[in-house]
Number of protein chains: 4
Amino acid sequence: MAPSSEQKINVISLRDLERQAEKVLPPFGFHFIAGGSGDEWTLRENEAAFDRVVIEPRFLSGVKVPDTTTTILGAKLALPVLAAPMGMHGFAHAGKEAGTAKGTAAAGALYVTPSVSNLSVEDIAAANGTGARWFQIYFPEDPGYAREQLQRAKAAGYTAIVLTVDATSFGNRERAARLGLKPPPHLGFGNMPKSPALAGQNPDLQKKDLTFADVAFCQKESGLPVLVKGVLTPGLAAECVKQGCAGVWVSNHGGRQLDHSPATFAVLPKIADAVGGKIPIVVDSGIRRGQDVFRCLALGASVVGIGRPLLYGLALGGAQGVEAVFQRLKAELVMTMQLAGTASVDKITADYVAPAVRS
Amino acid sequence: MAPSSEQKINVISLRDLERQAEKVLPPFGFHFIAGGSGDEWTLRENEAAFDRVVIEPRFLSGVKVPDTTTTILGAKLALPVLAAPMGMHGFAHAGKEAGTAKGTAAAGALYVTPSVSNLSVEDIAAANGTGARWFQIYFPEDPGYAREQLQRAKAAGYTAIVLTVDATSFGNRERAARLGLKPPPHLGFGNMPKSPALAGQNPDLQKKDLTFADVAFCQKESGLPVLVKGVLTPGLAAECVKQGCAGVWVSNHGGRQLDHSPATFAVLPKIADAVGGKIPIVVDSGIRRGQDVFRCLALGASVVGIGRPLLYGLALGGAQGVEAVFQRLKAELVMTMQLAGTASVDKITADYVAPAVRS
Amino acid sequence: MAPSSEQKINVISLRDLERQAEKVLPPFGFHFIAGGSGDEWTLRENEAAFDRVVIEPRFLSGVKVPDTTTTILGAKLALPVLAAPMGMHGFAHAGKEAGTAKGTAAAGALYVTPSVSNLSVEDIAAANGTGARWFQIYFPEDPGYAREQLQRAKAAGYTAIVLTVDATSFGNRERAARLGLKPPPHLGFGNMPKSPALAGQNPDLQKKDLTFADVAFCQKESGLPVLVKGVLTPGLAAECVKQGCAGVWVSNHGGRQLDHSPATFAVLPKIADAVGGKIPIVVDSGIRRGQDVFRCLALGASVVGIGRPLLYGLALGGAQGVEAVFQRLKAELVMTMQLAGTASVDKITADYVAPAVRS
Amino acid sequence: MAPSSEQKINVISLRDLERQAEKVLPPFGFHFIAGGSGDEWTLRENEAAFDRVVIEPRFLSGVKVPDTTTTILGAKLALPVLAAPMGMHGFAHAGKEAGTAKGTAAAGALYVTPSVSNLSVEDIAAANGTGARWFQIYFPEDPGYAREQLQRAKAAGYTAIVLTVDATSFGNRERAARLGLKPPPHLGFGNMPKSPALAGQNPDLQKKDLTFADVAFCQKESGLPVLVKGVLTPGLAAECVKQGCAGVWVSNHGGRQLDHSPATFAVLPKIADAVGGKIPIVVDSGIRRGQDVFRCLALGASVVGIGRPLLYGLALGGAQGVEAVFQRLKAELVMTMQLAGTASVDKITADYVAPAVRS
């Protein structure tokens, strides 16, 4: 059974949380969260890619109190970090998505609700309170059901739509089978269809042949800005700009979908070139340190997303655990900015990074 | 004694099969199959080379049901994968090559019978039934014996000849000696000479000074298309085209012959350049994932061959085990094509791959 | 409790000392010394960077007795090595900084006293005797307190000031927390303010918004040459030259401050280019071998600093242990110079090194 | 006590011998032989450098029986391999150098006697019989003693002189100290001075300030061809050609002298360029496989030297063990040449190798 504790936790580093969470989580839940797909090459590469770029600090810059605040699509954030959408927080904590949404708001970060949440978008919005929040959708087979979800999200105060495009087939997550673990009883989908016409629809049944027409559908039906999540190539990024997307989200789904797709940090620079500053870029997958946030921003990201560490924090301390994860990451970012000599997040540029191995 | 079970097996991934097969196989047989030559550098490098190339998926392509079928030299296949020729399946299963041939046909893949099989080409053909099949020959010292084998193969419905050129000396496979393992009694060669004039000939006695004259001999005596197996250089590939070969087979014999020869995936692009699309290219050695199939096709292969995983499947489940291996690989290829946005195998091109480390 | 032995020690290599010291030091003290910040990437990279450059010896050069002496800012040294400033030697040995200062002088090396020493600059100077010594300062929040420290240092015979610029925020050293270790009672700061007007000032409270004005302050108030410690970029190095600094000290604080900043050895060549020989360059962080000293000098350093190995030597043998560390490093440098064919330290140039992997 | 068995041994691979020899050798002797200097980086790199170059076999070349014979400085060899000079074979076997010299002759290889042998050059020559042999000298402090050694070697049928230039200082071999091993009683130097005028001279007391004048001395006093051993740079190689040396010997002393000097295989190509085919090149350090011999010849070596594996063979089987090591290496070379399609050693060129990782 998933933990249910609500308590302050001491986060030494986001990396340490995995070992700590493994001790309190049931094995299936832990490996569902921690695992990737296939050989988990992309999972490992997401973190390893950061080791190929160093930060070149500029000392004697006179920076005293770095300002980590930023704004994205009108949302003001205490730090340039958001909670990436992850399905079924009930695996991590009995309070499900409510704790994550609450802890994220407490930290002044942005919360992105997954469509395959255990709680409903309305309940999550209630927990998130005055926090900034977006809604992530897996586009369902039935457009009517897509419309219902988009409208419910808008009504619940979500201010942007994130359309995930890298999951039109399930990734081959093999850990549970390899370890012989069985899933617990399903914890429920909070966003099951409400309209009688949609009976039988299910958030897990997604449309496979997605195109930009579906992006346009989301834009039209919600009237909200739409970001495309899963961008790994400059070509798709440029097309997003052309099609009027509100943002590009660079992600490989935390190494959980197509194994052997590239590390997001490795492809970020070329994608930033293609976007050319016209729309904001979010990047996730593998970010564990303030230095990682800094390096992503240096190479073109506007905001970064974190995932697994939040679920570990949730498992260990509920909403307070989630907040502590953000606070630890913020403290590391402040330290990095202080030492690098960057007074605010907009000043973090490619001038502050370099290849680790010089030719 | 080799296993003899006939049963469905659950293939989590082709990589997992090695550990599973080790539990059911006698040690000599297992290490004969799993081992490579020398330091096993090429054996490891065959798989490692894939980690240097990533797949760049094109999301929002509107692909719904990727088509994995293909045709090679007139043979229609359900997936672009064939069973590479491997000697003496009796080490893996009491049913010897019959199970492999049967399971390959059931999966709609192409079966390549080795000349050093335990069963005869006729018995293997019978097990293969209406499946597509080619015959691989180690050219013997006596051309009369070569002729006999080619004619028997043709008569048994094999539609192409594969001449292996990388085994004119035994590779130094050292595992058994290092582990102190003794081979079991010989399980017999199914293709011992039938003509009285060939008495004393043996499939293990091969001609060492092979040239293209021997390729021409195979072409002439069989009247079938001939592929050269063991191509590792653009020069030999270009000569194959010039000499009228039906196909080029890029292989280092699964790392079992000349250790420190290159990974096939590493040399594939230059060979594809040399071939220029004039004849099909088969590639084997190190392929374990649908993503590997995809990457080989992207860099110029028409069809890929797999080896050891089939023998592990055979050991674990007989013909059903072999079929399950193909089905798992096919499922991974479908997932890869779906996510990459390639509707059919001919659309898998170099545009979908890139170096893992960008400069 | 920290060790207190005073004895000759046998130094097989500086690298061996860590394991030996771990046996005699209390865990908190050991990990405080041995650890780095964050993921300890920079800590490891500091040593790993040396493996990318080889020494190309010039045999038959007729060198008989290499001369390791050198001069930096007027100080004559028996070897081009100094004791880098490290806080609180009381963690390593009951005699605190006195043993380090004494052993360094005995070896003919230069001692750099940290401002956050357990003993006072005066006591350390007394232990150092006629040895060469500089004073390292963490610039405090109160300039008056900075002035007092600079004046005390000058009065005690320190001949240069080293201003550390890479520690305007504490590095996230996580070992103690991760291991659950508690610090022992504080061993005292030897340089607590003496002037009544400075009551409440503390060496640990440092100015965060350092600029070159603070460098100028140190120059003016001490009347001594000032080196900037923590330089990791050519830009800051060039500015140091322009601002009249007496030297540039390339350091990442032994991997204890901003993790994922570059290895000092990796950035040394570009910094040497920027300095252009106008002022001396000190480099520390990761130097463990005579070959490392040689390679640093080859790529532009005038003198190198070592840190942790001295504290291990101190822990194992007091002043004699410190001296033995320098003597071992000197012996390795003599061997390296003899074999490389360099008769004196000024002859160690980039001609003697090359990339380990040739293209 | 060192082993004394005389017996045939089964050499699976030269690499396997280390583990086997460790079981029969006293620890000091084993680690004296197996160890390198310093961090043993160069020791490891000597073997690792081979992994960066692959062999590109040319199949269908019609090669039947590759010819491994070669000639160097008039000596006809059954294979392009010699026994590199190593001191004090008494650590490996009670028969000291006699077994090595005898086994080398039996294999048709060339034996290079070290000046610091336990047996005398005359006794070693007697054991070597009609085999080809050279004499390696560590130039002593007293030229008269050098003259005596050179004249004794010439009189005993040694046909070339090898002057080692990379050992003017002892390398820092640290294994014995680290493991707490004590050397056994000295086994004697076979080449102690005979002339009364040389009383007190000792092969271990070497001249430190070697120059080409000492090379000329060896040439003049012996009247024999002189090779310089220890060449690691194109500059020294070119100078050897200019000074009339008979050959260049690329070596880093098996990683036993200056640690962090380059792998010999890594520097071989540039040295071969500098020599331009004017004099033969010998290369040693790290060669363990027929493929290594092949790759060295491909990149410019005339003959390769092997060291440690011979002492392991000696320890395990005396002269028969030594011969078996050469025979195993020869068998691997024959296999490599057969598969690569090179009929004789002069046909092994750079066309047969390529970088393992292609750009």
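Details
- Residues of segment B:136-172 whose accessible area (probe 1.4 Å, heavy atoms of protein chains only) drops by at least 50 Å² once all protein chains are present, relative to their chain alone: B:Asn172.
- Residues in segment D:127-149 reached by a label modelled at D:Phe170 [backbone nitrogen below 18 Å; 7 Å Cα→Cβ]: D:138-141
- Spatial separation of Cα centroids for segment C:127-146 and segment D:303-358, in angstrom: 62 Å
- For C:Lys182 and C:Lys8, a Förster radius of 35 Å and the Cβ-Cβ distance give a FRET efficiency of 0.55, rounded to the nearest 0.05.
- Amide hydrogen neighbours beyond the local backbone of D:Val353, cut-off 5 Å, H modeled: D:Glu56
- Ascending distances from the B:Glu141 label point to its copies in the other chains, with the point 7 Å along the Cα-to-beta-carbon line: 6.5, 6.5, 9.3 nm.
- What chain D shows is 33 Å² of accessible area per residue, with the surface traced by a 1.4 Å probe over protein heavy atoms.
- Shielded residues, segment B:25-44 - accessible-area loss of 30 Å² or more between chain alone and all protein chains, probe 1.4 Å: B:Asp39, B:Trp41
- Amide H partners (placed H, <5 Å) of D:Arg173, local residues excluded: D:Gly38
- Sorted from closest to farthest, the other copies place their C:Asp273 label points 2.1, 2.1, 3.0 nm away, with each point set 7 Å from Cα along Cα→Cβ.
- B/A buried area, accessible surface, summed, 1.4 Å probe, Å²: 2700 Å²
- Distant-in-sequence amide H partners of A:Gln136 (H built 1.01 Å from N, under 5 Å): A:Thr113, A:Ser115, A:Val162
- Sorted shortest first, the separations between the B:Lys76 label point and its copies elsewhere in the assembly read 6.7, 6.7, 9.5 nm; each point sits 7 Å from Cα along the Cα-to-Cβ line.
- Cβ-isolated cysteines (cut-off 4.7 Å), the protein assembly as shown: A:Cys218, A:Cys296, B:Cys218, B:Cys296, C:Cys218, C:Cys296, D:Cys218, D:Cys296
- Estimated purely from DSSP H runs of n ≥ 4, each contributing -39500 (n - 2.57), the mean residue ellipticity at 222 nm for the protein assembly as shown is -11500 deg cm²/dmol once divided by its residues.
- For the pair segment C:201-233 / segment C:7-57, the C-alpha centres are spaced 28 Å from each other.
- Average Cα contact separation per residue, chain A, under 8 Å, 6 or more apart, as relative contact order %: 30 percent
- Partner shielding of C:281-290 amounts to 1, given as the average count of beta-carbon atoms from other chains within 10 Å of each residue beta-carbon.
- If you wrap the tightest convex hull around every Cα atom of the protein assembly as shown and split its volume per residue, you get 183 Å³.
- Computed from backbone phi with θ = phi - 60° and the Karplus coefficients 6.51, -1.76 and 1.60, the 3J(HN,Hα) list for segment A:209-214 is 9, 5, 9, 5, 4, 6 Hz; x is used for glycine and proline.
- Measuring with a 1.4 angstrom probe and ignoring ligands and nucleic acids, C:Arg308 comes out at about 30 Å² accessible.
- Integer Hz, Karplus 6.51/-1.76/1.60 couplings in order for segment D:186-196, x for Gly and Pro: 4, 8, x, 9, x, 10, 4, x, 9, 5, x
- Taking D:Arg58, D:Arg19, D:Arg133 in turn, the Gaussian network model of chain D (Cα-Cα springs below 10 Å) assigns the largest fluctuation to D:Arg19.
- Segment D:173-190 and segment D:235-251 have their alpha-carbon centroids 33 Å apart.
- Filter on B:Lys76/B:Lys207; D:Lys96/D:Lys154; A:Lys154/A:Lys278 - keep pairs with C-alpha separation over 23 Å: B:Lys76/B:Lys207; A:Lys154/A:Lys278
- Phi-based couplings in Hz for segment A:63-71 (Karplus 6.51, -1.76, 1.60; Gly and Pro marked x): 7, 10, 10, x, 9, 8, 6, 7, 10
- Extending 7 Å from Cα along the Cβ direction at A:Ala199 and again at C:Ala331 yields two label points whose distance is 8.9 nm.
- Relative frequency of Cα-Cα separations exceeding 29 Å in chain C, percent: 35 percent
- Rounded percent of accessible protein surface that carbon and sulfur make up, chain B, 1.4 Å probe: 55 percent
The values are calculated or read from the model by the stated rules, or taken from the named source; none is laboratory data. Fair warning: this is a prediction, and the values are worked out from it, not measured in the lab. Glycine also receives a Cβ, built like all others from the backbone with ideal geometry; neighbour counts cover every protein chain displayed. Ligands, DNA and RNA are excluded from the accessible area calculation, which covers all protein heavy atoms including side chains. Shrake-Rupley method; radii C 1.70, N 1.55, O 1.52, S 1.80 Å.
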